[in-house]
């Protein structure tokens with residue numbers, strides 16, 4: 001599948017790679033914290049400079065001798081990014097100079113078949129300019145002094161990077177059909193599913209909950225069409241502490257990813273069933289207006305009792321999202337993962353449905369006659385007319401007089417709308433307004 005050029009940002013832990021990536025893309029996307037190992041996967045983030053579009057790949061920190069399996073996996077992700085890149089940005093802490101870990105990266109980069117740009121980071125002022133000259137010793141060409149934190153030199157760096165990108169005529173960019181957000185509690189198999197959809201290990205998979213901290217943004221091919229898939233950090237039940245560390249920003253970005261998603265894939269652990277946290281996540285999806293597909297994972301490992309309890313708990317806890325299809329699967333083996341594409345396409349189709357105004361008003365009169373709104377506070381509300389104000393999701397605005405429509409009656413009308421046509425996998429919003437209100441929900 002066609003793609004934009006890739007620019008891989010590599011270097012040892014905590015030299016400022018994620019800060020530099022945030023500077024390049026112009027917004028805070030990667031989690032930044034003053035300790036090593038916060039970036040754990042490689043993340044692909046769209047960027048633009050001098051009218052050139054490209055993808056920045058933010059990698060985990062390279063260590064010459066990995067201290068554990070997770071660190072080894074992080075190094076492996078960095079190596080994959082280097083192999084796939086069109087241009088490599090090698091970030092070095094200019095104030096520290098070339099270390100043994102840097103030397104290990106240098107040795108690999110000297111053998112790379114693509115251009116390498118050395119970014120001498122933490123050159124925060126002219127007093128540090130002399131440190132840039134010392135990095136010529138890496139043998140990778142002229143270093144560029146930058147301060148990722150303050151932005152100094154970032155324009156010069158990007159000018160160099162864009163100049164080294166493949167010719168623009170070689171780009172055959174194909175826009176993704178839609179954005180999918182993978183949601184779920186920590187360690188339910190989100191990253192495993194993304195790797196399965198991508199056909200390679202794009203995200204680290206570890207038995208340690210919370211391995212994924214940033215949303216991981218990848219374009220995957222599903223039945224010949226490109227979809228942007230975002231694997232989010234696990235959203236925990238308890239609020240994070242006020243110090244706003246890495247977990248705080250991860251959760252905020254996970255929620256932001258949901259607001260940008262067309263369809264959410266909510267993973268439920270087949271051993272444990274739907275929990276209160278899953279209920280909260282499903283409610284966030286419904287409130288956001290995204291489509292929803294529920295995935296009962298680890299189905300191949302669950303016994304008969306666990307399967308029955310999982311389906312029962314989904315029906316009970318997620319009753320408000322009864323319109324969401326439930327698919328059983330195994331992200332680990334890939335069993336039944338292929339059915340996700342069909343469910344996603346159904347959600348996209350149903351989110352775009354529109355009922356003509358004349359037909360909608362005829363239906364509302366019919367439903368109102370069949371079951372009039374109940375009297376509230378001595379008055380019976382009346383639906384004057386209805387209009388579908390938007391799609392994605394379908395949003396029906398009711399102009400009413402004579403009081404308020406209760407939640408039960410709004411659910412009745414939603415049910416009638418769903419009986420009229422198939423709205424599987426999408427919310428349907430019904431918003432009552434008094435005739436004095438002129439601003440329907442958008």
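The values are calculated or read from the model by the stated rules, or taken from the named source; none is laboratory data. Because the structure is a prediction, the values reported are computed rather than measured. Reconstructed Cβ throughout: ideal geometry from the backbone, glycine too, with neighbour counts over all protein chains shown.
Please tell me if residue 210 is over 16 Å from residue 297 (Cβ atoms) and at pLDDT below 50. Quick ask: steps written out before the conclusion?
Details: over 16 Å from residue 297 (Cβ atoms): yes; at pLDDT below 50: yes.
So residue 210 fits the description; yes.
Taking the condition crowded, with 19+ Cβ neighbours inside 10 Å and either at pLDDT 65 or above or assigned to a loop (DSSP other than H, G, I, E, B) (or both), does residue 12 pass? Steps first, please.
Working: crowded, with 19+ Cβ neighbours inside 10 Å: yes; either at pLDDT 65 or above or assigned to a loop (DSSP other than H, G, I, E, B) (or both): yes.
For residue 12, the condition - crowded, with 19+ Cβ neighbours inside 10 Å and either at pLDDT 65 or above or assigned to a loop (DSSP other than H, G, I, E, B) (or both) - is met.
Just one of (1) out of contact with any helix residue (DSSP H, G or I) (no Cβ under 9 Å at 6 or more places or on another chain); (2) assigned to a helix (DSSP H, G or I); (3) not assigned by the TED database to the domain that holds residue 282 trips up residue 363, so point out which.
Going through the list (1) out of contact with any helix residue (DSSP H, G or I) (no Cβ under 9 Å at 6 or more places or on another chain); (2) assigned to a helix (DSSP H, G or I); (3) not assigned by the TED database to the domain that holds residue 282, residue 363 breaks only (1).
Which of (1) touching a helix residue (DSSP H, G or I) at 6+ places or on another chain (Cβ under 6 Å); (2) more than 18 Å from residue 181 (Cβ to Cβ) is the odd one out, the single condition residue 320 does not satisfy?
The number of the failed condition is (1).
Within the bounds of segment 144-159, is there any residue that is at pLDDT below 85 and touching a strand residue (DSSP E or B) at 6+ places or on another chain (Cβ under 8 Å)?
First pass over segment 144-159, keeping only residues at pLDDT below 85: none.
Within segment 144-159, not a single residue is at pLDDT below 85 and touching a strand residue (DSSP E or B) at 6+ places or on another chain (Cβ under 8 Å).
Could you list all residues from segment 42-100 that are part of a loop (DSSP other than H, G, I, E, B), in contact with a strand residue (DSSP E or B) (Cβ under 6 Å, 6 or more places away or on another chain) and at pLDDT 70 or above?
If we filter segment 42-100 for residues that are part of a loop (DSSP other than H, G, I, E, B), which is where we start, we get 42, 50-51, 59-68, 85-86, 94-99.
Next, from what is left, pick out any that are in contact with a strand residue (DSSP E or B) (Cβ under 6 Å, 6 or more places away or on another chain): 42, 59, 85-86, 94.
Within segment 42-100, 59, 85, 86, 94 meet the criteria.
Scan segment 383-405 and give yes if some residue there is more than 30 Å from the chain's Cα centre (by Cα), surrounded by 17 or more Cβ atoms within 10 Å (Cβ to Cβ) and assigned to a helix (DSSP H, G or I), otherwise no.
no
If a residue must be surrounded by fewer than 24 Cβ atoms within 10 Å (Cβ to Cβ), assigned to a helix (DSSP H, G or I) and in contact with a strand residue (DSSP E or B) (Cβ under 7 Å, 6 or more places away or on another chain), how many such residues does segment 254-281 contain?
Residues that pass the stated criteria total 3.
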